[in-house]
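The values are calculated or read from the model by the stated rules, or taken from the named source; none is laboratory data. Please read these numbers as outputs of a predicted model, since none were measured by experiment. Positions of Cβ are generated from backbone atoms using ideal geometry, with glycine treated the same way; all protein chains shown enter the neighbour counts.
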Amino acid sequence: MGRIRQFIREELSGWKPWEIIWLFSACALITGLSVYWHDSPMGIISATTGVACVVCTGKGKLSAYIFGAVNVVLYAVISFRAKYYGEVMLNALYYFPMEFYGFYVWNQHMNRETHEVEKNRMTKAGRGKLVFATAAGTVIYGFLLKALGGSLPFVDSLSTVASVVAMVISVKMYMEQWIIWIAVDVVTVVMWAAAFVNGNESMATLLMWVVYLGNAVIMYFKWAKEAEPDAL
């Protein structure tokens with residue numbers, strides 16, 4: 001119990017007033033609007049924990065991975081119902097185990113004064129490899145999803161592949177993750193907007209991704225200011 005209390009104290013420490021306001025207002029907004037739109041309890045919980053996850057990720061807090069584990073399980077189920085199979089595989093087979101790995105890695109690189117994770121910046125060569133891998137993976141995976149009969153296969157593929165790449169560099173604590181997350185969020189907002197227009201009752205999920213997008217923009221500037229150049 002002592003370690004749990006210590007963990008909670010560290011997670012609650014170091015928050016600036018604007019960060020606290022953003023966390024609570026984003027969660028309250030997504031929950032309130034989801035209830036108004038009569039979304040399912042699963043959709044509401046998935047959306048709220050997802051928002052808490054990305055805000056805590058931007059803050060560099062370990063609790064991001066706890067909220068993330070809950071979110072990815074529920075989101076995988078919601079995506080399956082919408083026939084976004086790329087999203088299903090991404091969350092169930094990749095994100096879920098990565099939540100545990102990310103928690104372990106970040107725990108080894110926490111700043112013991114600020115109780116936030118260390119923040120790094122990639123080299124130009126690293127950024128080039130990132131772009132190439134994302135583009136190649138999108139094309140290959142897009143054809144696979146098309147063969148499976150998925151909805152918007154290449155859009156789904158871009159969202160999935162870019163998310164895989166972003167998660168890897170997020171675990172490695174690179175600020176460039178937020179550039180990719182912005183692209184992922186834009187694409188995924190389009191996907192879920194299309195699903196909603198076509199009759200899928202996924203307003204909470206759509207709103208979740210809209211908040212993700214706003215958070216990614218905010219956290220890009222935060223991490224760009226705080227990140228240290230990569231030594232490699």
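So that you can scan it fast, the table gives a plain yes or no per residue for (1) free of Cβ contacts under 8 Å to residues at least 24 places away in the same chain; (2) of a type outside the set (Asp, Glu); (3) farther than 28 Å from residue 40 by Cβ; (4) in a helix (DSSP H, G or I):
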site	(1), (2), (3), (4)
139	yes, yes, yes, yes
156	no, no, no, yes
195	no, yes, no, yes
206	yes, yes, no, yes
217	no, yes, yes, yes
Boolean, residue 119 is of a type in the set (D, E, K, R), out of contact with any Pro (no Cβ under 8 Å at 6 or more places or on another chain) and surrounded by 15 or more Cβ atoms within 10 Å (Cβ to Cβ): yes
Top-ranked residue in the stretch 12-32 [being aliphatic (A, V, I, L, M) and surrounded by 18 or more Cβ atoms within 10 Å (Cβ to Cβ); ranked as nearest to residue 75 (Cα to Cα)]: 30
Residue 123 within 24 Å of residue 203 (Cβ to Cβ), in contact (Cβ under 8 Å) with a residue 40 or more places away in the chain and either out of contact with any Cys (no Cβ under 8 Å at 6 or more places or on another chain) or among the aliphatic types (A, V, I, L, M) (or both): no
Subset of the stretch 179-204 (residues that are under 16 Å from residue 85 (Cβ atoms), surrounded by 20 or more Cβ atoms within 10 Å (Cβ to Cβ) and modelled with pLDDT under 75): 202
Elements of type helices (runs of 4 or more DSSP H) in the stretch 1-101, at least 1 residues being modelled with pLDDT of 90 or more and under 18 Å from the mean Cα position of the chain (by Cα): 17-36, 41-59, 63-81
Within the stretch 146-164, tally of residues that are buried (at least 21 other Cβ atoms within 10 Å of the Cβ) and under 12 Å from the mean Cα position of the chain (by Cα): 4
